[in-house]
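What follows draws every value from the coordinates through simple rules; no lab data is involved. Being a predicted model, the structure only gives us computed values, none of them experimental. For neighbour counting, all protein chains shown are included, and Cβ atoms are generated from backbone atoms with ideal geometry for every residue, glycine included.
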Amino acid sequence: MPVPNISQVVPGAAVSIVLKADQPTGRQVQGTVQNVLTSGNHPRGIKVRLSDGRVGRVQRMHTGDIPAQEASTIPSSVSSSGSRNTRPPRERDNRRSKFQSRDIRLDEDGEAPAEEIDLFAYVKPAKQKKKGGAKVQEPVEEEEPVVEAATTATCPVCGNFEGDETAVAHHVESHFS
């Protein structure tokens, strides 16, 4: 048998609910809906708080007054005032409405920016890492060395090696290592 839908379950309606503790047995208790706690339909029943403070899922609707057997199903833990809690129940509907969202793409006044922005506009340059707690010097842009005419140099140590200045400097180091 299908459970009632959200349009049928309203505050003040007479219903039969299954309490959380009674879900394995399926035992139902009757009462009058004080608050609807579920925002939409639910396959196991809409969660409600009864006027006596009990919370459960609606299994069926009652027409007219609640049967006399309701008094026998009220647990002894409920006080004579008919409420378990000393404070009034929270207004879930007002709280929930604060968190409803909407699709801003459907708004009329929101237009896309006229200019195209490239992703590189959002890229930040990488920070330089500090080495050993010392300040890092900004990298100095070096100019490319001007390549002069190929000049040859001779090794001053042995006199046998000839080449450009860099090659000769490397060769000279090999004499002392």
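Sort Asp22, Asp118 so that the residue with the fewest other Cβ atoms within 10 Å of its own Cβ comes first and the one with the most comes last. Please list the in-between numbers first.
Details: Asp22 14, Asp118 7.
Least to most surrounded, the residues fall as Asp118, Asp22.
To make sure I understand, if each residue's beta carbon is the centre and we count other beta carbons within 10 Å, what order do Ser7, Ser174, Ser16, Ser39 fall in, fewest to most?
Exposure proxy ranking, most exposed first: Ser7, Ser174, Ser39, Ser16.
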* To do: Give me the orientation-averaged projected area of the Cα convex hull of the stretch 1-64, in nm², one decimal.
  => 4.0
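Roughly how many debye, to the nearest 20, is the charge dipole of the stretch 1-58 about its Cα centre, given +1 on each Lys and Arg Cβ, -1 on each Asp and Glu Cβ, and no other charges?
Values: 7 positive and 2 negative charges, 29 e Å.
Using Cβ point charges on Lys, Arg, Asp and Glu, the stretch 1-58 gives about 140 debye.
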* Structure fact -> Subtracting the Cα-Cα distance of Leu119 and Asn160 from 0.36 nm times their residue separation yields 8.9 nm
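Give me the extension gain from Ala126 to Thr38: residue separation times 0.36 nm, minus the current Cα-Cα distance, reported in nm with one decimal. Mind dumping the intermediate values first?
On the way: separation 88, 0.36 × 88 = 31.68 nm, distance 4.98 nm.
Full extension of this stretch gives 26.7 nm more.
By how many nm would the segment from Asn5 to Phe176 lengthen if fully extended, with 0.36 nm per residue of separation less the alpha-carbon distance?
Numbers: separation 171, 0.36 × 171 = 61.56 nm, distance 9.42 nm.
Extra length available between Asn5 and Phe176 comes to 52.1 nm.
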